[in-house]
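Visitor: Can you keep this structure in mind? I'll have questions shortly.
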Amino acid sequence: TLLQLAASAPMAAAFSFTGEEVFAASAQARRTTPAFRPKFFTAHEWATVGLLVNLIIPKDQKSGSATDAGVPEFMDFVMTEEMDNRERMRTGLAWLDTESDSRFGTPFVAASARQQKKILDDIAWPKQARAEFEEAAKFFNQFRNLTATGYWSSKMGVEDLQYIGNTVVPEWKGCPEPQLKKLGVSYT
């Protein structure tokens with residue numbers, strides 16, 4: 001629980017809701033069924049969210065993708081509960097389509113992987129984004145944080161971390177001496 005709440009802290013700050021609310025949203029999202037129907041996102045937004053979260057956390061040899069972990073469902077739940085962030089989300093997703101259409105004549109989800117990467121490269125790092133991409137970079141940074149929060153608080157994400165918390169420690173003997181020496185500290 002502590003790890004899940006800690007993982008939710010950056011997102012809670014970015015989207016102005018508490019870590020407890022994010023944890024509850026994550027738990028709710030994990031309870032969804034395979035036939036999930038988004039309550040907040042339109043069909044087109046849903047497709048964009050699914051694509052974008054998988055570009056942020058793709059499937060690899062170790063674990064599944066963000067969609068495999070239920071991140072889009074988590075985001076939909078968060079957006080149904082957190083009214084202050086709905087406009088930011090919709091505006092950001094619409095910006096992706098507008099920018100893609102302007103550059104390539106197609107919505108973001110229909111653009112090629114190379115074209116999508118070009119757009120995301122312009123907004124992936126807020127401090128490096130050109131002035132005209134400043135707001136889009138803020139959106140993407142918050143979207144990426146929400147993706148990470150959903151993923152790392154999911155069952156798959158916790159397993160990926162190999163988190164072994166909540167195990168009984170029958171007797172605490174303190175930090176091992178080699179680690180204390182490495183840190184330059186002692187119990188005396």
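The values are calculated or read from the model by the stated rules, or taken from the named source; none is laboratory data. If you're wondering where the values come from, they're calculated on a predicted model, not measured in any experiment. Virtual Cβ from ideal backbone geometry, glycine too; neighbours counted across all protein chains shown. What goes into the accessible areas is simple: the full protein's heavy atoms, side chains included, and nothing from ligands, DNA or RNA. Shrake-Rupley method; radii C 1.70, N 1.55, O 1.52, S 1.80 Å.
Visitor: Does region 40-60 include one or more residues that are open to solvent by less than 80 Å² (accessible area, probe 1.4 Å), β-branched (Val, Ile, Thr), farther than 16 Å from Arg144 by Cβ and modelled with pLDDT under 95?
Guide: no
Visitor: To continue, here is another question. Just to be sure, is Asp101 under 21 Å from Ser65 (Cβ atoms) and open to solvent by 80 Å² or more (accessible area, probe 1.4 Å)?
Guide: So Asp101 fails the test.
Visitor: Then there is this: Mind listing just one residue for me: the one in region 100-149 that is at pLDDT 95 or above and aromatic (Phe, Trp, Tyr) and, of those, farthest from the chain's Cα centre (by Cα)?
Guide: Looking at the filtered set, the residue picked out is Phe104.
Visitor: Pairs needed: first member in region 82-110, in contact (Cβ under 8 Å) with a residue 12 or more places away in the chain and under 12 Å from Phe143 (Cβ atoms); second member anywhere, open to solvent by 50 Å² or more (accessible area, probe 1.4 Å) and in a helix (DSSP H, G or I); C-beta distance under 8 Å; at least 6 residues apart or different chains.
Guide: Listed by first residue and then by second, the contacts come to Trp95/Glu135.
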